[in-house]
1. Quick one: compute the contact order of the range 461-593, relative version, from alpha carbon pairs under 8 angstrom and 6+ residues apart, as a percent.
2. What full-extension length gain, to one decimal in nm, is calculated for Lys225 and Arg570 as 0.36 nm per residue of separation minus the Cα-Cα distance?
3. Determine the gain in length on full extension of the stretch Lys199-Glu581; use 0.36 nm per residue of separation and subtract their C-alpha separation, reporting nm with one decimal.
4. Taking θ = phi - 60°, what integer Hz values does the Karplus form 6.51 cos²θ - 1.76 cosθ + 1.60 yield along the range 425-437, in sequence order, with x for Gly and Pro?
5. Pull out the extension gain between Asp257 and Glu445, defined as 0.36 nm times the separation in residues minus the alpha carbon to alpha carbon distance; nm, one decimal.
6. Would you kindly derive the ³J(HN,Hα) couplings of the range 290-302 from the backbone phi angles with the Karplus curve 6.51 cos²θ - 1.76 cosθ + 1.60 (θ = phi - 60°), listing them in order in whole Hz, with x for Gly and Pro?
7. Which ³J(HN,Hα) values in Hz, rounded to whole numbers, follow from the phi angles of the range 72-86 under the Karplus curve 6.51 cos²θ - 1.76 cosθ + 1.60, where θ = phi - 60° and Gly and Pro get x?
8. Report, by chain and number, residues whose modeled amide H sits under 5 Å from the one on Thr366, excluding near sequence neighbours (fewer than 5 apart, same chain).
Amino acid sequence: MRRIAHALEAQLRTALERAFPDEVAEAQQAGTPLDPQLAPASQPEFGDFQANGALALARRLKQPPRVIAGAIVDQLAADSAFAELCEPAQIAGPGFINLTLRPRTLAAELSARLGDPRLGVPTAADDPVQASFAEVLAPVIVDFSSPNIAKEMHVGHLRSTIIGDALARVLEFRGHPVLRLNHVGDWGTQFGMLITHLKQVAPEALSTADAIDLGDLVAFYRQAKARFDADEAFQATSREEVVKLQSGDPVSRRAWDLLCEQSRREFQLIYDRLDIALSERGESFYNPYLEAVVADLAASGLLVTDAGAQCVFLEGVTGKDGRPLPLIVRKSDGGFNYATTDLAAIRYRFAAPPEGDGARRLIYVTDAGQASHFAAVFQVARRAGWVPEGGRLEHVPFGLVQGEDGKKLKTRSGDTVRLKDLLDEAVERSEADLRRRLAEEERQEDEEFIQLVATTVGIAAVKYADLSTNRITNYQFSFDRMLALAGNTAPYLLYALVRVAGIARRGGLGAGEGESAEGFPDPLVFSEPQEWALVRQLLQLDTVIAEVDEELLPNRLCSYLFELSQAFNRFYDQVPVLKAEEPARGSRLALCRLTADTLRLGLGLLGIPTLERM
Ligand code: ARG
């Protein structure tokens, strides 16, 4: 629909120009060009689009809006390209122009998608509604997952991983070069205390690979933290240990490498299960650039020394006393912090290669608790002049994961939930559901099938439950809800796909991935309102994907897929498909085929694996 919307917009502009040449030229010169204000119709009975621009023009000309709209509609009527696309335009209400696409326009759009692996979704470079070429070609960075070494990956990291991956997939599909960066916490004070503690209690862990596993490491980390908080001598040694590590001492470096490697392998197990691709570029990567960050800030006059610490005072962010809050970039002991590393990362990511990534858009997926951190570093980066013209910095915040009691997600014994256990439980429960269903249906399936379906559905359920809620709100984790076969859930959509593809297959025109799309009637012919509703829903895919690219809300795509399967059900309940006469039969099979293809593509973009049978 974006291609059509774009064509209509151009036709409306021409009509405006022809109807009001002087006003259009004048407005152009004044730098306030007239806009036809094309938008999707607010109600289906108004057609496909509406143009509201006549109202603004009427105010300017002090004339009745319906008269203005009438003049525009007359010009549209004289435009043969418009008449090709649309039924005659209608004036409604105070002066809206309603536009309804011709059935043959819709049918032709749909035909063009049969056998198109992109289902009519343009890449950003081919999108008729596109900002600039440079923007399309420059990398987009998605900074996501980003757990901390020697600590357990927790449900917050799981959300970041799932949401970040889905966004990266959509951006990649749109043709943007995407850098998926794992900004792991692999630097800083935690290593000083961990190394000091391990030297005393488990020295082998610092010199031999695999001497301990991540579970032990996490326990050692907790002990080290407790000692650090209680014991001043331990604190002092830990600080020396950090300095040693950061100055490149080979023994500390080796210990650090081993600890990172241990965690990395553990994280990878989770990424493999979730099918997540990520490049690790941890905080330590930016270590060589930290001095330059401070020097740059000093050179641009932003740096202030306050109580021994070097900081930048933030604009528009004040503390309780009404005074501007500082962002500390170098502590009084000379150390750098989380914010300094993020400043160095922004500077590096925007810098032109080979000194940096040359990115145009940086997207950070973390919990909403880090919103003020990102607001602060974004502001300082802008004021320091590191953000190129058109460069975008976006924090993609998400809410907390809560248990069904509305409190922070915990195990029954009150511990934090380990991700491995959480995924295991999802798969176990999905397996139990499946075995129950097979028994009810008296179906025999082999073990391989059962394992494949249980694993796919379990993982899909966890991902989809997260993606389908508006990420900004807190999110209640419930195995029962996410695994339900009814409602806006992964099992429902996976099942819808299997069913729709099955119908298309029975029709004999192919429905599997990559199967040929030959043999459908040309032109496609539709008559029933349920068919048209489904056609229009199918044609929204490109708009929804462009919206996710822009607004970074994967739940839009989830709702779209759910509404699509509902539109399909209404169609299939009320309109005969396999028993219909040609060309209705083939045209209806085309709807089945495209519904299946759209579900498969959409779920794929969310990182949800699909099944042929379940
Ligand atoms: N390691 C951080 C955490 O666990 C998240 C890092 C997010 N990315 C960033 N560039 N700060 O909370």
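The values are calculated or read from the model by the stated rules, or taken from the named source; none is laboratory data. What you see is a predicted model; the values in this text were computed from it and never measured. Cβ sites come from the backbone with ideal geometry, for glycine too, and all protein chains shown count toward neighbours. The accessibility values were calculated without ligands, DNA or RNA, using every heavy atom of the protein model including side chains. Shrake-Rupley method; radii C 1.70, N 1.55, O 1.52, S 1.80 Å.
1. Relative contact order, the range 461-593: 32 percent.
2. Extra length available between Lys225 and Arg570 comes to 118.3 nm.
3. Between Lys199 and Glu581, full extension yields 129.5 nm more.
4. 5, 4, 5, 4, 5, 5, 5, 4, 4, 5, 4, 4, 5
5. Going from the current span to full extension adds 63.0 nm.
6. Values per residue, Gly and Pro as x: 5, 4, 5, 4, 5, 4, 4, 5, 5, 4, 8, x, 8 Hz.
7. 5, 4, 4, 5, 4, 4, 7, 9, 5, 5, 5, 4, 4, 7, 10
8. Val396, Phe398
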